[in-house]
Amino acid sequence: MATYEVNSVEETWEVARRLAAQLKCGDIVRLEGDLGAGKTTFVQSLAAALGASGRVASPTFCIVREHPIPASAGSPSLLVHMDLYRLNSEEDVEAIGWDDYLARGAIMAVEWPDRAGSLIPNDAWRVVFTILEGEEKRRITIDKG
């Protein structure tokens, strides 16, 4: 487990880049924390570090956003950012293509992962964001299940 205290968006991006360097095909990243804690900012950096181009926005209203990653041998070709807040069950999560994304070897960054229940494997990455005093101060804890 690693814990970081960050004081800026740039420091958050650095923590995300460190995680991105460890991700492989099929990895699931649980993103946990209150609204506004920095989950989408973190995914923006994951996408950039993995080589995805284009704007990375919150999937709050569309639930899923796909971010293609340039192909290279043995590396993931897709980052999938999910916001499961509006879903109610594992069946809802499966209906948005969960198994298809896994079959494609996508890296999946999942906000509100508890909605996915047992679909989240025990070995998933867990990233917890805690808002501390100050406008941008956060604690980010990263653990691999």
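Readers should treat all values here as calculations from the given coordinates under stated rules, not as data from a laboratory. Everything quoted here is computed from the prediction, not taken from an experiment. For neighbour counting, all protein chains shown are included, and Cβ atoms are generated from backbone atoms with ideal geometry for every residue, glycine included.
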Subset of segment 84-111 that is over 17 Å from S45 (Cα atoms) and in contact with a Pro (Cβ under 8 Å, 6 or more places away or on another chain) - its residue that is surrounded by the most Cβ atoms within 10 Å (Cβ to Cβ): L84
In segment 88-145, the residues that are part of a loop (DSSP other than H, G, I, E, B) and out of contact with any strand residue (DSSP E or B) (no Cβ under 9 Å at 6 or more places or on another chain): N88, S89, N122, E133, G134, E135
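Being outside any loop (DSSP other than H, G, I, E, B), among the hydrophobic types (A, V, I, L, M, F, W, C) and surrounded by fewer than 16 Cβ atoms within 10 Å (Cβ to Cβ) is the filter here; which residues of segment 1-34 pass it? Break it down stepwise before answering.
The initial filter retains those residues of segment 1-34 that are outside any loop (DSSP other than H, G, I, E, B), namely 2-6, 9-20, 28-32.
If we keep only those that are among the hydrophobic types (A, V, I, L, M, F, W, C) as well, we get 2, 6, 9, 13, 15-16, 19-20, 28-29, 31.
Answer for segment 1-34, where residues must be outside any loop (DSSP other than H, G, I, E, B), among the hydrophobic types (A, V, I, L, M, F, W, C) and surrounded by fewer than 16 Cβ atoms within 10 Å (Cβ to Cβ): A2, V9.
Every residue, every condition in (1) touching a residue at least 40 places away in the same chain (Cβ under 8 Å); (2) within 13 Å of I28 (Cα to Cα); (3) not polar (S, T, N, Q), yes or no:
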| position | (1), (2), (3) |
| --- | --- |
| A57 | no, no, yes |
| H67 | no, no, yes |
| V93 | no, no, yes |
| L102 | yes, yes, yes |
| M108 | yes, yes, yes |
| A116 | no, yes, yes |
